[in-house]
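Student: First the structure, then my questions, so here it is.
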Amino acid sequence: MSGNEENLQAPGEQGATDSRIPTHIIGLDEILEGGVPKNYIVLLCGHAGTMKSTVGYSIIYNGCKKNGLRSIYLTLEQSKQSILDHVEKLGLPSRGLDDLVIVDLARVRKDITVDKTKPQNVDWLKSIIGVLKNYKQKFGCEALVLDSLAAVYALTTFKNPRGELFQFFEQIRDLGVTTFLISEMPTDRQVYGLYGIEDFLSDGIIHLKVEQTDRGANLYLGVVKMRKTHHTRQFMPLIFENGKFEVISQ
């Protein structure tokens, strides 16, 4: 918990929907006093196979479907059609959701790589911010998923990672949208992003992890950090069934 006490709501208060974005993960919004505070930058982090991208898409999908939340899913690796095929199979059909836009930069990334007539020295951090500003102006945007930070890092050569990432996070913050950043956690260190500073730059951290048992692999969710919010840091089983996520409080 962090932030000024006078800005904190009473635990369990549900009258915060005007200032928070519901996750629509059953059981989680009660823990988060109604959801994620608007305009926060939240890391959705974990190792490979922890459904980070699906959780991120589910949050803005349900926000659009149930709350009319204008949202953007920015993918830097998968194509738009690949994303749509994946979520359709999971029970999250996009038909009729005009307020949810998938911005596909995978094709742009491929074109820059193979087309030798185009400039190779691309400032991807600046380009991504430019794309997001353009879409917000033309389309409107209240929530954003950027998938993923690992892809951003693969495209970028940092001279001063701490300073450049600080500026990148601040430029995202200046967009005035609630942002979920998909972050792949390194396997050799207990940090929430590749450079170990992403957790300090973010307003919230939702950690997804898999634990192996004799019966198989179980998925867990923990809210490591959420500013101006009373919440448990206990890891809870995360279940996905019939197109819905649910956490089980223990």
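Here, each number is a calculation from the coordinates, and none is a lab measurement. Since the model is a prediction, treat every value here as computed from it, not as a measurement. Cβ placement follows ideal geometry from the backbone for every residue including glycine, while neighbour counts extend to all protein chains displayed.
Student: Hey, fewest Cβ within 10 Å first, where do ASP85, ASP214, ASP99 land in order? Write out the running numbers ahead of the final one.
Tutor: On the way: ASP85 12, ASP214 4, ASP99 20.
Ordered from fewest to most neighbouring Cβ atoms within 10 Å, ASP85, ASP214, ASP99 come out as ASP214, ASP85, ASP99.
Student: Where Lys and Arg each count +1 and Asp and Glu each count -1, what net charge lies around LEU84 among other residues with Cβ under 11 Å from its Cβ? List each step's numbers first, then the result.
Tutor: Numbers: positive: LYS80, LYS89, ARG95; negative: ASP85, GLU88, ASP104.
Charge balance in the 11 Å sphere: 0.
Student: Another question, if that's okay. Would you mind checking LYS159/LYS228; LYS65/LYS126; LYS66/LYS225; LYS138/LYS209; LYS65/LYS138; LYS138/LYS228 for any pair whose Cα atoms are more than 29 angstrom apart? Working shown, then result.
Tutor: On the way: LYS159/LYS228 33 Å; LYS65/LYS126 31 Å; LYS66/LYS225 26 Å; LYS138/LYS209 37 Å; LYS65/LYS138 20 Å; LYS138/LYS228 32 Å.
As for pairs spanning more than 29 Å Cα to Cα, those are LYS159/LYS228; LYS65/LYS126; LYS138/LYS209; LYS138/LYS228.
Student: Determine, for VAL36, VAL103, the number of other Cβ atoms within 10 Å of each Cβ, and report the residues in order from fewest to most. Kindly include the intermediate steps, with their values, before the conclusion.
Tutor: Values: VAL36 27, VAL103 19.
Lowest to highest Cβ neighbour count: VAL103, VAL36.
Student: If contacts are Cα pairs under 8 angstrom and at least 6 residues apart, what is the relative contact order of region 119-228 in percent?
Tutor: Values: 107 pairs, mean separation 22.8, N = 110.
Computed over region 119-228, the figure is 21 percent.
Student: Against the longest principal axis of the chain, how steep is helix 161-174, in degrees 0 to 90 to the nearest 10, with axes from Cα atoms?
Tutor: The answer is roughly 70 degrees.
Student: So for the chain, taking the charge dipole from beta-carbon charges (+1 Lys/Arg, -1 Asp/Glu), which of GLN171, THR213, MET51 sits furthest toward the positive end?
Tutor: My answer, from the dipole projection, is GLN171.
Student: Same structure again: Can you tell me the order of 76-82, 159-165 when each peptide is scored by its average per-residue count of other Cβ atoms within 10 angstrom, highest first? Show your work: numbers first, answer last.
Tutor: Values: 76-82: 15.9, 159-165: 12.7.
In decreasing order of mean packing, 76-82, 159-165 become 76-82, 159-165.
Student: Still on this model: Restricting the count to DSSP beta bridges whose residues both fall in the chain, what percent are antiparallel, rounded to a multiple of 5?
Tutor: On the way: 18 of 43 bridges.
Counting DSSP beta bridges with both partners in the chain, the antiparallel share is about 40 percent.
Student: Neighbour counts of other C-beta atoms within 10 Å: give me GLU211, GLU241 arranged from fewest to most.
Tutor: GLU241, GLU211
Student: To the nearest 20 Debye, how big is the dipole of region 93-250 about its Cα centre, given +1 on the beta carbon of each Lys and Arg and -1 on that of each Asp and Glu?
Tutor: Values: 21 positive and 20 negative charges, 68 e Å.
Here the size comes out at about 320 debye.
Student: Given the Cα-Cα distance of HIS47 and LYS80 and 0.36 nm per residue of separation, how much length would full extension add, in nm?
Tutor: Details: separation 33, 0.36 × 33 = 11.88 nm, distance 2.29 nm.
Fully extending the segment from HIS47 to LYS80 adds 9.6 nm.
Student: Determine the dipole magnitude for region 175-232: charges of +1 sit on the beta-carbon of Lys and Arg, -1 on that of Asp and Glu, nothing else is charged, the reference point is the Cα centre, and the result goes in debye to the nearest 20.
Tutor: Values: 6 positive and 7 negative charges, 47 e Å.
That gives a dipole near 220 debye.
Student: Relative contact order of the chain: what whole-number percent is it, with Cα pairs under 8 angstrom and at least 6 residues apart? Walk me through the intermediate numbers first.
Tutor: Details: 451 pairs, mean separation 74.1, N = 250.
Relative contact order, the chain: 30 percent.
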